[in-house]
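My structure is below; once you've seen it, I'll send some questions.
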Amino acid sequence: MEDQLVTVAIHTYEKALMLKKLLESEGIEAFIHNVNTDETSFSAGVRVRIREKDLTKALSIIVNTIKAEEDINSDRSIENTNKILIPVDFSDYSMRACDVAFKLAYSMKAEVTIFHTYYTPAFGNIPILDSANDDETLRIEKKLKADLDNLKNILKRKMNNGDLPSIRYKTILKEGIPEEEITKFSLDYNPSLIIMGTRTETRKEQDLIGSVTAEVIERSNIPVLAIPENIQLSDIEEIKN
């Protein structure tokens, strides 16, 4: 049983290599799994695995590393920047988050940034044939452009119809693992609020919040407002809790 492999982290390929090197510098043999061309693997990252007998020591190293990073981040000055960050994945519940965020931004006179994270084979330096790498990257980027154009068109239509206040916003695209890149970007952008969508209660219980939203809530020192997919909200003043 002690030789059984267990997963201690899921990261981008680059960050997984860094963790592997850290663990091995402490005498813990580490392995990287799930490196392939499957699109699901790109979005989820790759797994860092160790032998079960090393789990306690490895977790202690990881926790201490995270705590050191948090101590550095806590030293950053937090100001009332009057900015709203909206991480999206182009789903229906992301659109709900945009609806609420735009109305709230209008009442706050806040700056709005829509942020999307995507993953390509090239980002993680995944060792596959260059031609396959290029084809997959082009396919992902083509779909991403279509999704972003569709989101902008929906927002424009809603603003023209008066369903949303007419405000300016910017969009940012970033390669990487969503929860990592959202947290990293928010440290530099320093929004006063992060607004994200959540899945409806009809989904599986473990998916109620959504893994990315839950991770951002856990990691971020900035307040996160989670918006349920099926919320019916015509006015910000309707929010009581």
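The values are calculated or read from the model by the stated rules, or taken from the named source; none is laboratory data. All values reported here derive from a predicted model rather than from experimental measurement. For the accessible areas, the whole protein counts, side chains as well, though only heavy atoms, and no ligand, DNA or RNA atoms are used. Shrake-Rupley method; radii C 1.70, N 1.55, O 1.52, S 1.80 Å.
Can you list the HN-Hα couplings for the stretch 87-100, worked out from phi with the Karplus curve (6.51, -1.76, 1.60; θ = phi - 60°), rounded to whole Hz and with x for Gly and Pro?
Working through the residues one at a time gives x, 10, 10, 6, 7, 4, 6, 5, 5, 4, 4, 4, 4, 5 Hz.
Report, by chain and number, residues whose modeled amide H sits under 5 Å from the one on LEU225, excluding near sequence neighbours (fewer than 5 apart, same chain).
When sequence neighbours closer than 5 places are left aside, the close amide H contacts are ILE194, ILE195, MET196.
Accessible surface of TYR189 in the full protein assembly, 1.4 angstrom probe, to the nearest 10 Å²?
Approximately 20 Å² of TYR189 is accessible to the 1.4 Å probe.
Could I ask something else about it? Of the cross-linked pairs LYS15/LYS184; LYS15/LYS143; LYS109/LYS156; LYS20/LYS53, which ones have a Cα-Cα span greater than 21 Å in the structure shown?
LYS15/LYS143
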